[in-house]
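Remarks on the structure that follows.
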Amino acid sequence: MNFHLRGIVGAAAATGLLLGGTATSPSLTGQPTVQAAEERPDEAKAESPYHRFQKHLADYLGTDEAEVQKALESHAPKDVAWAAVIAKSAGRSLEEVLAAKTNKRWREVAESYGVPQETFRREAGKLFRRTAKVRHLKLHPERTIRGLAAYLGTEPGEVVRQGKAQGADLHDLVKAAVLSKAGGKPFKEVLALKEKYGSWKEVAENLGVEKPAWKKERKRLAEIIRREWEAEGKKVREKR
């Protein structure tokens, strides 16, 4: 069976979520957007990619974070991710699947548990769906900025200027734009609220924006960015 494991997990690895350490998303100014850990230790920990990855795996497996943390203490994050997908697909424990890896490739481990290719790909898609979107933002920032400008009815340069003024990264810009539309507030004003409330969840609550509203706007923004991607591809093809 050909599982294409590297391709599936590549999106997650590119975001830093499977790399461990303290990788952070760069802001538009080229500086980290989170203050030093000694200044805000709890918030820094909560916002670190490593901690988000740990929580994401625990949620996916329906288990306690302590189990995932224990696995990450003795195995590489990418191996824990592979094991999680196989464990979920085969109905086995994370610890058992990790132990089965000895002198085997992950494809062989999956086969030993009778996990069909389609099942593996479906479960991998569930686990890495979010990281694939994050990877797109990282690899195509200019496309995202143009899409945001079209969505907000402004110029790309203005989106960048406002982002730099608030020390925001692309993910902050996307969330601020969505909440701006859903809450009927100026984009610049919503960006500033992140500093005041500390998290986008708190910003949404204080704006009175409920989940159905922001999901609807997020879908609209994604469609606009997709059209920007298609238009760019068409121009490239026409020049050939």
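Kindly list, by first and then second residue, each pair from a residue in region 174-191 that is among the hydroxyl-bearing types (Ser, Thr, Tyr) to a residue that is open to solvent by 30 Å² or more (accessible area, probe 1.4 Å) and not in a helix (DSSP H, G or I), limited to pairs with Cβ atoms under 9 Å and residues at least 6 apart or on different chains. Short answer, once both residue conditions are applied: SER180/PRO186. When we screen LEU127, LEU191, LEU170, LEU137 for residues that are open to solvent by less than 50 Å² (accessible area, probe 1.4 Å), modelled with pLDDT of 90 or more and on the phi < 0 side of the Ramachandran plot, the only hit is LEU191.
The values are calculated or read from the model by the stated rules, or taken from the named source; none is laboratory data. Owing to the predicted nature of the structure, the values given are computational and were not obtained by experimental measurement. Positions of Cβ are generated from backbone atoms using ideal geometry, with glycine treated the same way; all protein chains shown enter the neighbour counts. For accessibility, only protein heavy atoms count, side chains too; no ligands or nucleic acids. Shrake-Rupley method; radii C 1.70, N 1.55, O 1.52, S 1.80 Å.
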